[in-house]
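To start, the structure itself, in structure tokens.
The values are calculated or read from the model by the stated rules, or taken from the named source; none is laboratory data. Just so it is clear, the model here is predicted, and its values are computed rather than measured. Neighbour counts are summed over all protein chains in view; Cβ atoms, including those assigned to glycine, are modelled from backbone coordinates with ideal geometry. Areas reflect the complete protein model, heavy atoms only, side chains present, ligands, DNA and RNA absent. Shrake-Rupley method; radii C 1.70, N 1.55, O 1.52, S 1.80 Å.
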Amino acid sequence: MAEPRPPLTLAARVLGAVLLILLLGGVLVSGSAWLNGQQAARQAYDRILLGAARDIAESIRVQEGVPAADLPVSAFQLLAQAPDDRIYYAVHGPGQAFITGVDPESEVQVPPPGSAGPDYFEVPLNGEPARFVRITRRFAERSFSGPVEVVVGQTLRARKAMTSDLMLDALLPMAVAGLALMAMAWLVIRTALRPLEDITDDLARRDPYDLTPIATGRLPRELQVVLGAMNRFMGRLDTQVEAMRNLISDTAHQLRTPVAAMRVQAETAVAEPGEAARRRALERLLARTRSLGRLLDQLLSRALVVHRTDSAPRRPVDLREVALEIMERDDHALLAPGSDLRLEIGEDPVMVLADAFSLGEAAGNLLGNALRHGTPPVAVGAEQRGREAILWVRDAGPGPAPAVTEQLGSRFNRSAGTQENSTGIGLSIVTSVAAAFGGRVEMARGDSGFRAALVLPAAEEKP
């Protein structure tokens, strides 16, 4: 199978377009120059024919009742303007009686008169194209009365040569101008494409992990649009790469201590001689395993949320439906069996433009933290406050200490096993979702308890 041809460069495409325009213009100019040259040559040599015919007609005299022509030198001087052409002349009296001229046996089929004035026509002259003019001089004398017809013709060699010369005179300057335009177009294209070469060199010299924006500088406006789109793409890519780095770092940090603890507990359970002590060690190992499972779920949930917040399209979402969905899940029954859950939503939609899955994960983490660390009853609700849409979870307790609240939502805390660490990943997911959709996390203590809320811009139009 033949290899596909490499695509043409941008410079080659532009030059090809310029060359095509010049060729089309050259064809049009050539046709126009040819037609104008033909017309100019015809007019010039038709005047020569007509002048020679009139000189011959003026030289005709009636002698003894018979017209006779004393051919003037001026007529042949005019016809000599085309030295390479063959000439023909003939003078006929009434009834086409031959008076003088070229051999009357010449094979020239003179057509009947077509007009009263000078009559031009084209017929072959000894097998070669030729053009003729016919004029008539009328006599009214005692000894002779009637018309005398003069026919003068010549071949078309001089006309064709003149047409070619005129066309070449018109085309040569145009060809020189075309070459100059091609050279100028090449210089303009190279100058216009030089910024692209600079951008290419900049990208080639960069470190593979360098995703900082490319400076626009004094680039043309068209390239600034392209470079702006490229910089925005590199910004999104940098965000994704940074998120993946943070995820790997967080995962390594969060898993190191639980895995080490599980290994120690497993070794302890194997080494315990008594059945009761071994059972207690296995129970601790089971609890640690469940805790590790929850930690892995949160880490995977965070990775998925980070991916979707940048790639999933924004669609209208009703926060009341998100609150209702997390209330209907079975997760809270495992976290806090028999917990007192309440749903507080109104009749009006609370619309935002976001990803429903990411909002559900954020709301689920808010509810999970409230069930694990808060005081029942726990309420979930959604409301609109001005131009802000709020999805909140409230419990009846006082909430964490202010020093702990300031650390909530960070990537991870190094105090493994504390409340800060167990809630930090969940609220980190909430913080990431809020930042992705232009919102924030709001925490407040009130008479009814501690409330954690996801505050987002409300959608302008409701579906």
(request) Could you identify the single residue in LEU20, LEU8 that is out of contact with any helix residue (DSSP H, G or I) (no Cβ under 9 Å at 6 or more places or on another chain), within 30 Å of LEU171 (Cβ to Cβ) and open to solvent by 90 Å² or more (accessible area, probe 1.4 Å)? (result) LEU20
(request) For ARG194, state whether it is part of a strand (DSSP E or B) and open to solvent by 20 Å² or more (accessible area, probe 1.4 Å). (result) no
(request) Being over 23 Å from PRO113 (Cα atoms) and exposed (fewer than 14 other Cβ atoms within 10 Å of the Cβ) narrows it down to one of GLY65, GLY37, GLY26, so name that one. (result) GLY65
(request) Among residues belonging to segment 170-184 that are more than 13 Å from LEU15 (Cα to Cα) and touching a residue at least 24 places away in the same chain (Cβ under 8 Å), point out the one that is surrounded by the fewest Cβ atoms within 10 Å (Cβ to Cβ). (result) ALA175
(request) Find the residue count for segment 119-155, including only residues that are in a strand (DSSP E or B), under 13 Å from PRO94 (Cβ atoms) and out of contact with any Asp or Glu (no Cβ under 6 Å at 6 or more places or on another chain). (result) 9
(request) Give the residues of segment 352-380 that are surrounded by 20 or more Cβ atoms within 10 Å (Cβ to Cβ) and assigned to a loop (DSSP other than H, G, I, E, B), sorted by residue number. (result) ASP355, GLY374
(request) Just name the residue that is farthest from GLU122 (Cα to Cα) out of those in segment 134-149 that are among the hydrophobic types (A, V, I, L, M, F, W, C) and surrounded by 16 or more Cβ atoms within 10 Å (Cβ to Cβ). (result) PHE144
(request) Filter segment 230-266 down to residues that are β-branched (Val, Ile, Thr) and open to solvent by 50 Å² or more (accessible area, probe 1.4 Å) and give me whichever is farthest from ALA281 (Cα to Cα). (result) THR239
(message) Here is a check on your reading of the model: is ARG42 closer than 30 Å to GLU141 by Cβ and touching a residue at least 40 places away in the same chain (Cβ under 8 Å)?
(response) no
(message) Of everything in segment 163-192, what is among the β-branched types (Val, Ile, Thr) and either in contact with a strand residue (DSSP E or B) (Cβ under 7 Å, 6 or more places away or on another chain) or closer than 15 Å to GLY37 by Cβ (or both)? Give them in sequence order.
(response) THR163
(message) Cβ contacts < 6 Å: first residue within 19 Å of GLY449 (Cα to Cα), restricted to segment 348-377; second residue hydroxyl-bearing (Ser, Thr, Tyr) and part of a helix (DSSP H, G or I), any location; separation 6+ or different chain. Result?
(response) ASN369/THR423
(request) Scan segment 24-38 for residues that are under 16 Å from PRO173 (Cβ atoms) and either of a type in the set (S, T, N, Q) or within 37 Å of the chain's Cα centre (by Cα) (or both) and jot them down. (result) GLY25, GLY26, LEU28, VAL29, SER30, SER32, ASN36
(request) For ALA287, state whether it is exposed (fewer than 11 other Cβ atoms within 10 Å of the Cβ), at pLDDT 80 or above and either over 30 Å from ALA312 (Cβ atoms) or among the charged types (D, E, K, R) (or both). (result) no
(request) Mind listing whichever residues of segment 185-195 are without any contact (Cβ under 8 Å) to a residue 60 or more places away in the chain, among the aliphatic types (A, V, I, L, M) and within 28 Å of PRO213 (Cβ to Cβ)? (result) ALA192
(request) Name every residue in segment 68-118 that is farther than 20 Å from GLY146 by Cα, at pLDDT 85 or above and in a loop (DSSP other than H, G, I, E, B), in order of residue number. (result) PRO72, ALA80, GLN81, ALA82, PRO83, ASP84, ASP85, ARG86
(request) Inspect all residues belonging to segment 44-57 and state whether any of them is under 30 Å from VAL176 (Cα atoms) and modelled with pLDDT of 90 or more. (result) yes
(request) Spot the failing condition for ALA269; the list is (1) free of Cβ contacts under 8 Å to residues at least 24 places away in the same chain; (2) open to solvent by 40 Å² or more (accessible area, probe 1.4 Å), and only one is missed. (result) (2)
(message) Just checking, does segment 153-170 include any residue being among the polar types (S, T, N, Q) and either in contact with a Ser or Thr (Cβ under 8 Å, 6 or more places away or on another chain) or more than 24 Å from ALA41 (Cα to Cα) (or both)?
(response) no
(message) Going residue by residue through segment 211-229, is there one that turns out to be open to solvent by less than 90 Å² (accessible area, probe 1.4 Å), more than 22 Å from the chain's Cα centre (by Cα) and modelled with pLDDT of 80 or more?
(response) yes
